[in-house]
Amino acid sequence: MPRPMPVIDDVSLAEMYDDPYPVYARLRREAPVAWLAPANIALITRFDDMIAIERDEETFPANDPRSLQIRSMGHSLMRRDGAEHAAERAVLVKSFSPPMVKSHWSPLFREIAEELVGETAPKGQGDLFTEFAAPMAARALAQIIGIPETDWQDLLWWSQALIDATGNYADLPEPWERCARASEGIDTAIDHHAALWAKAPNPSALSAMVAADWPIERIRADIKVIIGGGLNEPRDSIGTVLLGLLSDPAQLEAVKADPALGRKAFEEAVRWVAPIGMYPRRVAKETVLSDTVLPAGTAIGLSAASACRDESHFGDSAGRFDMNRPKAQHLAFGSGPHFCLGTWMARSMVGDVAVPALLARLPDLRLDPDNSPRMGGWVFRGPLFLPARWSPK
Amino acid sequence: MTKLTVITPTGESRPMEADPSTSLMEAIRDAGIDGIVAECGGTAACATCHVFVDEAAQAALDPADEHEAGMLEFAAVEATPASRLSCQVRVSDLPEGAVVTLPETQL
């Protein structure tokens, strides 16, 4: 007999922000489909359940009128389903496709990385999160989106404001206020650049939307989703790859000796700490998952962070960063129709370019022995502070 | 139903009957044959449903479009002229008795 959904009310969101992994391990073991009371969402924590959900968009649609993302960013393609979603996504696919990444974006990533490494090298020490990971992701993103005249630091705070509002499950007022201010700035940047690309198209996402003659509300919502996903995720994964490698001399030396392994290190880093830790779906009709009844209308959260550490797929060492573990599908990019559009962009930017460039130029890069790195987040997760040292160049 | 033969990554020959209304990717997966990952669920965004089709199928199918051909360059096993993303191939476009070979790995 399927059981009613267990209610988890003895964990706090603050505890989850700090380190959600012990909670996930407990949930996978005891209650893989559970009502997480502090977040008002049913959390799905097992790999196989997540795959089943992603393959069945009729039972588990992405569109949910209660979505915090619709409230923070507008109704984007990430919250649409079926043919409507596919048609919207198809307009953007070319900008993000591997051939475009290879021919157009990767050379640009190399330029940005070289410039940043050049600025970082003489300093001898610093926080790699703010010195390197954040500007790398933000400066690349301004180009990818097609708002190159935007100051990368504006993009950084806009992204954080959008993300904080989207993850505001506690419904605090301040994140919503900040999100509204960021939205104004983004809309202004869109209007300015859209007029330019209407006359002179380029491979950017905004240019593709303008060429497809989309209504402005759709352009605004999708640009905001791309700002949210396109900044935090590559930024956080750059930091996570560096943390993984700098914590393990053997893996660090392997990547330094063969920069092509940067791609492998990136893939393992996002499995180890999935930058998008959780994303929502809705239950359209009552269904049973992992022997638990999910009533129609339930808001569910798919925990990619948990699925990526599911022992049944990654073994008992799932909590460890090990780029040499056997290749296996992970869910850091999701799966199904909403499989991350930016996957190839991130593989190139982080794995092929940014991390190898930094390690090549700063051969004795190491974690700062006097300052500990700090990680945070459960809806989105990554390094907050990554202090390191190196010989000034 | 369309009769197909799938050669699995371990070299096993598996006859199957495929629903013409599905994609080749869905048909192989629905038949419970391992060797298709299809991370993106059929949106031609991941290159993890790579297959090799026999000559008769190559002749019968429209060639891969620019996007599919571009994705195939990123498949885990190097693409050949017989390569397709199985999510982009409709079973109804395949000749009866086509032989589809799965690569050694998709990741």
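The values are calculated or read from the model by the stated rules, or taken from the named source; none is laboratory data. Keep in mind it's a predicted model, so treat the numbers as computed, not measured. Ideal geometry is used to build each Cβ from the backbone, glycine not excepted, and the neighbour counts take in all protein chains shown. Accessible surface areas use protein heavy atoms only, side chains included; no ligands, DNA or RNA. Shrake-Rupley method; radii C 1.70, N 1.55, O 1.52, S 1.80 Å.
Which residues, taken from region A:313-352, are at the interface with chain B (Cβ under 7 Å from one of its Cβ atoms) and among the charged types (D, E, K, R)?
Matches in region A:313-352: A:Lys327 only.
Which condition from (1) surrounded by fewer than 23 Cβ atoms within 10 Å (Cβ to Cβ); (2) modelled with pLDDT under 95 is the one that B:Ala45 breaks?
Every condition holds for B:Ala45 apart from (1).
Within the group B:Leu107, B:Leu61, which residue is within 13 Å of chain A (Cβ to nearest Cβ) and either surrounded by fewer than 15 Cβ atoms within 10 Å (Cβ to Cβ) or not polar (S, T, N, Q) (or both)?
B:Leu107 is the lone residue from the list that is within 13 Å of chain A (Cβ to nearest Cβ) and either surrounded by fewer than 15 Cβ atoms within 10 Å (Cβ to Cβ) or not polar (S, T, N, Q) (or both).
Exactly one condition in (1) closer than 27 Å to A:Thr130 by Cα; (2) more than 13 Å from chain B (Cβ to nearest Cβ) is false for A:Val101; which is it?
Status for A:Val101: all satisfied but (2).
State yes or no: is A:Asp64 modelled with pLDDT under 95, in a loop (DSSP other than H, G, I, E, B) and within 12 Å of chain B (Cβ to nearest Cβ)?
For A:Asp64, the condition - modelled with pLDDT under 95, in a loop (DSSP other than H, G, I, E, B) and within 12 Å of chain B (Cβ to nearest Cβ) - is not met.
Return yes when A:Ser303 is under 21 Å from A:Pro234 (Cα atoms) and either at pLDDT 95 or above or surrounded by fewer than 20 Cβ atoms within 10 Å (Cβ to Cβ) (or both) and no when it is not.
Values: under 21 Å from A:Pro234 (Cα atoms): yes; either at pLDDT 95 or above or surrounded by fewer than 20 Cβ atoms within 10 Å (Cβ to Cβ) (or both): yes.
Criteria met by A:Ser303.
Which condition breaks for B:Met71 when tested against (1) over 25 Å from A:His330 (Cα atoms); (2) open to solvent by less than 10 Å² (accessible area, probe 1.4 Å)?
For B:Met71, the failing item is (1).
From the list B:Pro95, B:Pro9, B:Pro81, B:Pro63, exactly one residue is more than 22 Å from A:Ala83 (Cα to Cα) and touching a Gly at 6+ places or on another chain (Cβ under 8 Å). Which is it? Outline the logic, then answer.
Values: B:Pro95 fails: touching a Gly at 6+ places or on another chain (Cβ under 8 Å); B:Pro81 fails: touching a Gly at 6+ places or on another chain (Cβ under 8 Å); B:Pro63 fails: touching a Gly at 6+ places or on another chain (Cβ under 8 Å).
Testing whether each residue is more than 22 Å from A:Ala83 (Cα to Cα) and touching a Gly at 6+ places or on another chain (Cβ under 8 Å) leaves just B:Pro9.
Could you grab me the full set of residues in region B:11-36 that are assigned to a loop (DSSP other than H, G, I, E, B) and either away from chain A (no Cβ under 14 Å) or out of contact with any strand residue (DSSP E or B) (no Cβ under 9 Å at 6 or more places or on another chain) (or both)?
Residues of region B:11-36 assigned to a loop (DSSP other than H, G, I, E, B): B:11-12, B:19-22, B:31-36.
If the condition is that a residue be assigned to a loop (DSSP other than H, G, I, E, B) and either away from chain A (no Cβ under 14 Å) or out of contact with any strand residue (DSSP E or B) (no Cβ under 9 Å at 6 or more places or on another chain) (or both), then B:Gly11, B:Glu12, B:Asp19, B:Pro20, B:Ser21, B:Ala31, B:Gly32, B:Ile33, B:Asp34 are the ones that fit.
Give me the helices (runs of 4 or more DSSP H) completely within region A:206-274, filtered to those with at least 3 residues that are among the acidic types (Asp, Glu), ordered by residue number.
A:216-246
Which residue is surrounded by the most Cβ atoms within 10 Å (Cβ to Cβ), if the candidates are limited to region B:48-58 and must be of a type outside the set (S, T, N, Q) and more than 14 Å from B:Leu4 (Cβ to Cβ)?
From region B:48-58, those of a type outside the set (S, T, N, Q) are B:49-57; that's our starting set.
After this cut, where a residue has to be more than 14 Å from B:Leu4 (Cβ to Cβ) as well, the list is B:49-50, B:55.
Numbers: B:Cys49: 30, B:His50: 28, B:Glu55: 11.
Taking the candidates together, the pick is B:Cys49.
Based on this model, can you work out whether A:Met5 counts as open to solvent by less than 60 Å² (accessible area, probe 1.4 Å), in a loop (DSSP other than H, G, I, E, B) and on the phi < 0 side of the Ramachandran plot?
Considered against the rule, which asks whether it is open to solvent by less than 60 Å² (accessible area, probe 1.4 Å), in a loop (DSSP other than H, G, I, E, B) and on the phi < 0 side of the Ramachandran plot, A:Met5 comes out as yes.
A:Asp49 versus (1) within 14 Å of chain B (Cβ to nearest Cβ); (2) touching a residue at least 24 places away in the same chain (Cβ under 8 Å): which is the lone unmet condition?
That leaves (1) as the condition not met.
Mind checking which residues of region A:212-234 are free of Cβ contacts under 8 Å to residues at least 60 places away in the same chain and of a type in the set (A, V, I, L, M)? Step through it out loud before you land on a result.
Let us first name the residues in region A:212-234 that are free of Cβ contacts under 8 Å to residues at least 60 places away in the same chain, namely A:213, A:215-216, A:219.
Matches in region A:212-234: A:Ile216, A:Ile219.
Could you list all residues from region B:74-104 that are open to solvent by 40 Å² or more (accessible area, probe 1.4 Å), of a type in the set (D, E, K, R) and touching a residue at least 60 places away in the same chain (Cβ under 8 Å)?
Within region B:74-104, B:Arg90, B:Glu96, B:Glu104 qualify.
Say whether the condition of being touching a Gly at 6+ places or on another chain (Cβ under 8 Å), crowded, with 17+ Cβ neighbours inside 10 Å and among the charged types (D, E, K, R) is met by at least one residue in region A:56-63.
Taking every residue of region A:56-63 in turn, at least one turns out to be touching a Gly at 6+ places or on another chain (Cβ under 8 Å), crowded, with 17+ Cβ neighbours inside 10 Å and among the charged types (D, E, K, R).
Filter region A:358-383 down to the residues that are hydrophobic (A, V, I, L, M, F, W, C) and either within 16 Å of A:Ser237 (Cβ to Cβ) or part of a loop (DSSP other than H, G, I, E, B) (or both) and list them by number.
A:Leu358, A:Leu359, A:Leu362, A:Leu365, A:Met375, A:Trp378, A:Val379, A:Phe380
Mind listing whichever residues of region A:282-294 are touching a residue at least 24 places away in the same chain (Cβ under 8 Å), open to solvent by 10 Å² or more (accessible area, probe 1.4 Å) and either aromatic (Phe, Trp, Tyr) or in contact with a strand residue (DSSP E or B) (Cβ under 9 Å, 6 or more places away or on another chain) (or both)?
Matches in region A:282-294: A:Arg282, A:Thr287, A:Val288, A:Leu289, A:Ser290, A:Asp291, A:Val293.
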